[in-house]
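One structure is given below, encoded as structure tokens.
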Amino acid sequence: MPIPERLNPSFGPAHPPVVDLIEDARKRLIVALDMPDAVSALALVGQLEKNCQWFKVGLELFVAAGPAVIEPLVARGHSVFLDLKLHDIPNTVAGAVHSAAALGIKMMTLHAAGGPAMLAAARAALDGVADPPELLAVTVLTSMDQAQVNDVGLGRSPAKQVELLARMGMEAGIHGFVCSPQEVASLRALTGPEGVLVVPGIRPAGTAIDDQKRIATPAEALRLGASYLVVGRPITQAPDPAEAAEAILKEMAEAL
Ligand code: C5P
């Protein structure tokens, strides 16, 4: 299935005019709305929407506010990434994917570790759906380092586990992946330009690492082949979130 152009900004013209670079950066920056309720999330969107076009609704906000929180975002013309990291039996995940597609979201996540049958069922659930969301398989969480990968009994390096899951996902017809900055170059080599590579664990130089382990700056992640960057706390917890987003967009534009 060809990747819609809107979801694959990675390989545009070789040298776009400088004025377009901030616009290009804006299309690739996803702000993680990891907030406890809809009121604070929408207030933050209000502060950021001049600069940012993509917003990620994850577990914290979705569990607190439900699908209703997505409606005002879509109504204001924003692109919504629903990050629920589904991982269940194929029938259950297929049903959840079908329900999510009706919300007008553009991307959503499921765990590659759910296996080929789960991934294939999720894809099949979008057959016949108009303007379906891109399915992104999460490989290894960016908060997992070697010690934690060992603790869950995987017995291989995070990099090898990411590659194994990505190959499996591609065989199941998935072209989008969430991965850490450390694996993005090898995943790009694996998927080619069609891959939609969404990369969290982004930390501008000098900001707090928090609980992330495998991180990179915005510029590094783009140079390594990321299609989209997911940034949460470096923007949402900044004293001035709009200013923090602007600085990240500038850094991204310089790397493009
Ligand atoms: O605040 P921070 O920038 O660390 O937020 C990163 C976001 O990306 C969080 O919403 C987290 O759930 C998400 N994420 C991640 N690692 C993954 C997949 C998603 O950190 N592998």
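Every read-out reported here was derived from the displayed coordinates using simple, explicitly stated rules and does not represent laboratory data. This is a predicted model, so every value here is computed, not measured. Glycine also receives a Cβ, built like all others from the backbone with ideal geometry; neighbour counts cover every protein chain displayed.
Here's the picture: charge each Lys and Arg Cβ at +1 and each Asp and Glu Cβ at -1 in segment 18-255, and of V45, V184, V198 the one pushed furthest to the positive end of that dipole is V184. Across the chain, where is the longest run that never hits trypsin sites (Lys or Arg not before Pro) in a DSSP loop with at most 16 other C-beta atoms within 10 Å? In the chain, the maximal stretch lacking such sites is 157-256.
Using a Gaussian network model of the chain whose springs link C-alpha atoms within less than 10 Å, name the residue from P218, P116, P200 with the highest mean-square fluctuation. Looking only at P218, P116, P200, the largest GNM fluctuation is found for P116. Binning the alpha carbon pair distances of the chain at 10 angstrom intervals from zero yields the distribution 7, 32, 39, 20, 2, expressed in whole percent. What the Kirkwood sum gives for segment 205-256 is a hydrodynamic radius of 11.5 Å, with every pair of different alpha carbons counted. Overall, the chain carries a charge dipole of about 360 debye about its Cα centre when +1 sits on the Cβ of Lys and Arg and -1 on the Cβ of Asp and Glu, all other atoms neutral.
Helices in the chain, meaning DSSP H runs of at least 4 residues, each add -39500 (n - 2.57). Divided by all residues, the mean residue ellipticity at 222 nm is -12500 deg cm²/dmol.
Springs between alpha-carbon pairs under 10 angstrom, Gaussian network model over the chain: which of V196, V63, V140 fluctuates most? Greatest mean-square fluctuation among the candidates belongs to V63. In a Gaussian network model over the chain where Cα atoms closer than 10 Å are linked, find which of G66, G195, G153 has the largest mean-square fluctuation. Most flexible of the set in this elastic network: G153.
In this structure, the residue pairs whose Cα-Cα separation is over 22 Å, taken from K56/K160; K27/K56; K27/K160; K106/K213; K56/K85; K85/K250, are K56/K160; K27/K160; K106/K213; K85/K250. So for segment 26-94, Kirkwood radius off the Cα pairs, Stokes-Einstein at 20 °C and 1.002 mPa s: how many µm² s⁻¹? Taking Rh from Cα pairs, D becomes 171 µm²/s.
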